[in-house]
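The values are calculated or read from the model by the stated rules, or taken from the named source; none is laboratory data. Remember, predicted model here, so these are calculated numbers, not experimental data. Heads up, the Cβs are rebuilt from the backbone with ideal geometry, glycines too, and the neighbour counts pull from every protein chain shown.
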Amino acid sequence: MAVLPILRWPDSRLTTVCAEISTDVSGLAADMLETMYAAPGRGLAAPQIGVLQRIFVMDCTWKEGNFAPRVLINPELLWRSAETATGPEGCLSLPGITSQVSRATSIRMRWTDLNGAICEETFTGFAAICAQHEFDHLNGILTLDHLDPAARALAESAMI
Ligand code: ZN
């Protein structure tokens, strides 16, 4: 396992649509989890370490002492609630920037796990926000892309 450097915006790899995965990515997933915990963060998508493949990791509760690592390969967004909420989001690729992003409060996602099993789950609360944020990364979308031009310009000027 290795802690890998995290790319920062405006690296063009962060705005690229990632490719479906058809190979074993257990080594990549282990590196991504280690990199996420070291950052420290609660989610990390492969393009953030320069790997343009559809995989992200998240652990929404480890900072509260409850380690629950998840690896989502080829995730699909099956459903999102009509109800949305706007809240502050940071991103490891946008150090110093917190953006107010509107997200569905509940989503349903399907993905493949490291054993090749198809998983499906409804995420709510912080997990729903985190999963949507990381899923966006796989499509080359950053929190900045959710902002109107004035808010985006302000956010970009706050980049460390
Ligand atoms: Zn991010």
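For this structure, a couple of remarks:
- Single condition Arg80 does not satisfy, out of (1) closer than 14 Å to Cys130 by Cα; (2) more than 15 Å from the chain's Cα centre (by Cα); (3) surrounded by fewer than 16 Cβ atoms within 10 Å (Cβ to Cβ): (3)
- Failed criterion for Arg103 (all others in (1) surrounded by 21 or more Cβ atoms within 10 Å (Cβ to Cβ); (2) farther than 20 Å from Trp62 by Cβ; (3) within 12 Å of the ligand (Cβ to nearest atom) hold): (3)
- Number of the condition not met by Val3 [criteria: (1) of a type in the set (Val, Ile, Thr); (2) over 15 Å from the mean Cα position of the chain (by Cα); (3) crowded, with 18+ Cβ neighbours inside 10 Å]: (3)
- Residues of region 129-157 satisfying the condition of being away from the ligand (no atom under 11 Å from the Cβ) and not in a helix (DSSP H, G or I): Asn139, Gly140, Leu147, Asp148
- Region 93-130, subset within 22 Å of Leu28 (Cα to Cα) and of a type in the set (Ser, Thr, Tyr), residue farthest from the chain's Cα centre (by Cα): Thr112
- Selection from region 6-45 of residues that are more than 16 Å from the ligand (Cβ to nearest atom), part of a helix (DSSP H, G or I) and in contact (Cβ under 8 Å) with a residue 60 or more places away in the chain: Ser26, Ala29
- Unmet requirement for Glu121, which otherwise passes all of (1) surrounded by 13 or more Cβ atoms within 10 Å (Cβ to Cβ); (2) more than 18 Å from Arg42 (Cβ to Cβ); (3) without any contact (Cβ under 8 Å) to a residue 40 or more places away in the chain; (4) of a type in the set (Asp, Glu): (2)
- Pairing each residue of region 101-112 that is over 16 Å from Asp136 (Cβ atoms) and assigned to a strand (DSSP E or B) with any residue that is at pLDDT 95 or above and not aliphatic (A, V, I, L, M), provided the two are 6+ apart or on different chains, yields C-beta distances under 6 Å for Ser106/Ser81; Ser106/Thr124; Arg108/Trp79; Arg108/Thr122; Arg110/Glu76; Arg110/Glu120; Thr112/Asn74.
- Scope region 46-70; condition away from the ligand (no atom under 16 Å from the Cβ), touching a residue at least 24 places away in the same chain (Cβ under 8 Å) and either crowded, with 21+ Cβ neighbours inside 10 Å or assigned to a helix (DSSP H, G or I) (or both); matching residues: Trp62
- Unique residue being closer than 22 Å to Asp145 by Cβ and either modelled with pLDDT of 95 or more or assigned to a loop (DSSP other than H, G, I, E, B) (or both) when the list is Ile97, Ile73: Ile97
- Qualifying residue in region 84-93 (condition: away from the ligand (no atom under 16 Å from the Cβ) and among the hydroxyl-bearing types (Ser, Thr, Tyr)): yes
- Subset of region 10-32 that is hydrophobic (A, V, I, L, M, F, W, C) and buried (at least 18 other Cβ atoms within 10 Å of the Cβ) - its residue that is nearest to Ile97 (Cα to Cα): Leu14
- Within region 132-159, residues that are more than 12 Å from Leu14 (Cα to Cα) sit with their Cβ atoms under 7 Å from residues that are part of a loop (DSSP other than H, G, I, E, B) and more than 12 Å from the ligand (Cβ to nearest atom), at 6+ positions apart or across chains, in these pairs: Ala155/Leu147; Ala158/Gly96; Met159/Gly96.
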